[in-house]
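S.K.: Here it is, the structure in full.
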Amino acid sequence: MLIDRYIARAQLNAFVIVFVSLAGLTFVVDAFTNMEEFLSHAAEAGGLWRVLSRYYSYRLVAFFDAASPVISLASSMFALSWLERHNELTALLAAGVPRWRIARAAIVFAAAVAMVAAVSREVVLPRIREAISRNAQDLRGDKPQPFEARYDHATDILFRGKSVQAGLGRIESPSLRLPQVLGDFGQDIEAVEAHWLPADATHGAGYLLSGVRKPKGIDRIEPLESGGRVILQTPAGAAWLQPGQCFVASDVTFEQLIGSGNWVQYSSTPELVRAIANPSLGVGPEVPLRVHSRVLAPLLDMTLALLGLPLVLGPSRRGVFVAVGMCVGMTVLFFLVTLGCHAVAATGMISPSAGAFAPLVILATLAAWNAQPMWQ
C-alpha cells in the first residue's frame, strides 16, 4: 500500500501539472485572440473576469473530456520515469517487487480518471453543451448563423430558413416545404420567424411560425392531419394561436434541426438512444457509433495506459526522453486506429458496433502483447 500511495501521489501531481499547463496554454492563446469580443461583452456581463471565468470554466470540462486519456498516460510516464531517474525503480526491483506490482497503482489511477471522464460525459457535459456551442464571437447566442435545410423524416416536411440564432431558438425567414398529402393549399409555408416550442397541454412539440406570408389567409385554413396526428395547427382550429401564426408539429428539437454537432458529441447516452428511436430524425450511423463508443470509452482509455506503461516498466531500460518519444508514437498509433475504424463505420462500410469494437480488439491485443514482459 505504501508503494501504491507513493506512486499515486506522484501521478496525481503530474496529472495536475500537465492538465493545468496544457489547458492554461490553450486558453491563454484563445483569450488573447478573442479579447476584443470579451471586452465588448464585459460591460453587460458584470466584468471581464466574470466573462472569462464563465466562458472557460465550461471549456475546461470539455478539455478534460478530450484530453484526459492522454494526460493520464503522460502522468503515469512522468511518475514512473521519475522513479527510474532517481534509481528508486531499481531499488524496488532489487527488493523483489515485481513489475506488475509497481504498475498496479498506475493502472488503478488510469481507471479512476477514465471513470471520472465517463461520469462527466454522461452528467456534466449534457447540461452545459449549449454554452460550449457558443464561441467568442457569439457569446449572447444572438448572432445569425447559416441554416442548412433539414427533413423531419416522420412528417416529410423540409425545414429551410435564412439563418438561425441559437441562443434565442429562432429561425429567421423560415420556409417549409410540405409533402403533397398536406399541400392542398400549396406546399410552401413562409413566415417572418419561427421558434421551437416544447410539448404542453395545448399542443405537442414543434415550431411556432409568426408573420406567415405564404399561404395567404392562413387564419382561415383548417388544421391539417396526417396519420391521425395534427401536423399543422392554424388560428381556425387552435384558439391559442394569434392571427398570422401557425404551428407545425415536429419531434426534431431546435438543437437537432440546426445541425449542431454538439448535441451528438455532448449528449448523454440515454439521449442518444432516444434520438436513434426517434423516427423524425432519421439518424445516420454516426449516432449508433457514438453510443457504442461511449460504452467502450473507459476500456479504450485503459488500453492506452497499458500500451504506454511497458515502455517504462519493461525489462529493457530506456532513457526518459526515449520512453516519452515512444509513448507519443504509441499515442499517435492509438488515435489513428480509433479514428480510422470510426471513419470506416461512419461511411457505412461496416456496422457501427463493429466500428466501435474494432479499435478495442486491435489495441487491446497489441497492449497484451506489449505488456507481456511486464508480467514476468
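Values quoted throughout were computed directly from the atomic coordinates according to the rules given, and no laboratory measurement underlies them. As the structure is a computational prediction, the values presented were derived from the model and not from experiment. Note: ideal-geometry Cβ built from the backbone for every residue, glycine included; neighbour counts use all protein chains shown.
S.K.: Taking trypsin sites (Lys or Arg not before Pro) as exposed when DSSP calls them loop (any state but H, G, I, E, B) and at most 15 other Cβ atoms lie within 10 Å, what is the longest stretch of the chain free of them, the sites themselves excluded?
M.R.: After excluding every exposed loop site, the longest remaining stretch is 1-139.
S.K.: I've got another one for you. Can you list the residues, at least 5 places off or on another chain, whose amide H is less than 5 Å from the amide H of ILE157, using H built in the peptide plane?
M.R.: Here the answer is ASP152, since their amide H atoms fall under 5 Å of that of ILE157.
S.K.: Okay, moving on. Sequence-distant or interchain residues sharing an amide H contact under 5 Å with GLU193, placed H: which?
M.R.: Amide H neighbours of GLU193, under 5 Å, 5+ apart: SER173, SER210.
S.K.: Please report the orientation-averaged projected area of the chain, defined via the convex hull of its C-alpha atoms, in nm².
M.R.: If you wrap the Cα atoms of the chain in a convex hull and average its projections, you get 23.2 nm².
S.K.: Pulled fully out, how much extra length does the chain show between TYR151 and SER53, if you take 0.36 nm times their separation in residues and subtract their Cα-Cα distance?
M.R.: 31.5 nm
S.K.: With a Förster radius of 56 Å, plug the Cβ-Cβ distance of ASP142 and TYR6 into 1/(1 + (r/R0)^6) and report the FRET value to the nearest 0.05.
M.R.: Taking R0 as 56 Å, the efficiency between ASP142 and TYR6 is 0.60.
S.K.: Based on other C-beta atoms within 10 Å, arrange HIS86, HIS153 from fewest to most.
M.R.: Ordered from fewest to most neighbouring Cβ atoms within 10 Å, HIS86, HIS153 come out as HIS86, HIS153.
S.K.: Taking the Cβ of ILE71 as the centre, find all other residues whose Cβ is under 13 Å away and add up their charges (Lys, Arg: +1; Asp, Glu: -1).
M.R.: Local charge sum for ILE71: -2.
S.K.: By how many degrees, 0 to 90 and rounded to 10, does the Cα axis of helix 99-119 deviate from the longest principal axis of the chain?
M.R.: So the helix axis and the longest Cα principal axis differ by about 10 degrees.
S.K.: Quick one: length gained pulling THR365 to ALA94 fully straight, 0.36 nm per residue minus the C-alpha distance?
M.R.: 94.5 nm is the gain from fully extending THR365 to ALA94.
S.K.: Each residue of region 128-138 in order: what ³J(HN,Hα) in whole Hz does its phi give by Karplus 6.51 cos²θ - 1.76 cosθ + 1.60, θ = phi - 60°, with x for Gly and Pro?
M.R.: 10, 5, 5, 5, 5, 5, 8, 8, 5, 7, 9
S.K.: Assigning unit charges at the beta carbon (Lys, Arg +1; Asp, Glu -1) and nothing else, what dipole magnitude in debye, to the nearest 20, does the chain show about its Cα centre?
M.R.: 1200 debye
S.K.: Hey, another quick one. Give me ILE157, ILE276, ILE71 sorted ascending by neighbouring Cβ count inside 10 Å, so fewest comes first.
M.R.: So the residues, fewest neighbours to most, are ILE276, ILE71, ILE157.
S.K.: Given H placed on each backbone N at 1.01 Å, which residues far from GLU225 in sequence or on other chains put an amide H within less than 5 Å of it?
M.R.: When sequence neighbours closer than 5 places are left aside, the close amide H contacts are ILE231.
S.K.: OK, next. Classify region 149-229: rounded, prolate or oblate, from the alpha-carbon gyration tensor (a ≥ b ≥ c, eigenvalue square roots; a/c under 1.5 rounded; otherwise prolate if a/b is larger than b/c)?
M.R.: Rounded is the answer for region 149-229, as its axis ratio a/c remains below 1.5.
S.K.: Using alpha carbons only, how many degrees (0 to 90, rounded to 10) separate the axis of helix 286-308 from the longest principal axis of the chain?
M.R.: That helix lies at roughly 10 degrees to the long axis.
S.K.: Size of the dipole of region 149-258 about the Cα centre, Lys and Arg at +1 and Asp and Glu at -1 on the beta carbon, nothing else charged, in debye to 20?
M.R.: 300 debye
S.K.: Could you give the angle, 0 to 90 degrees to the nearest 10, between helix 320-346's Cα long axis and the longest principal axis of the Cα atoms of the chain?
M.R.: For 320-346 against the chain, the angle is about 30 degrees.
S.K.: Okay, moving on. Once a ≥ b ≥ c are taken as the square roots of the eigenvalues of the Cα gyration tensor of region 323-376, is the result rounded (a/c under 1.5), prolate (a/b larger than b/c) or oblate (a/b not larger than b/c)?
M.R.: oblate
S.K.: Around LEU281, what is the net charge, scoring Lys/Arg as +1 and Asp/Glu as -1 over all other residues with Cβ under 10 Å from its Cβ?
M.R.: Around LEU281, the surrounding residues sum to 0.
S.K.: Between ILE132 and GLU190, what's the calculated FRET efficiency when r is the beta-carbon distance and R0 is 30 Å? Round to 0.05.
M.R.: 0.35
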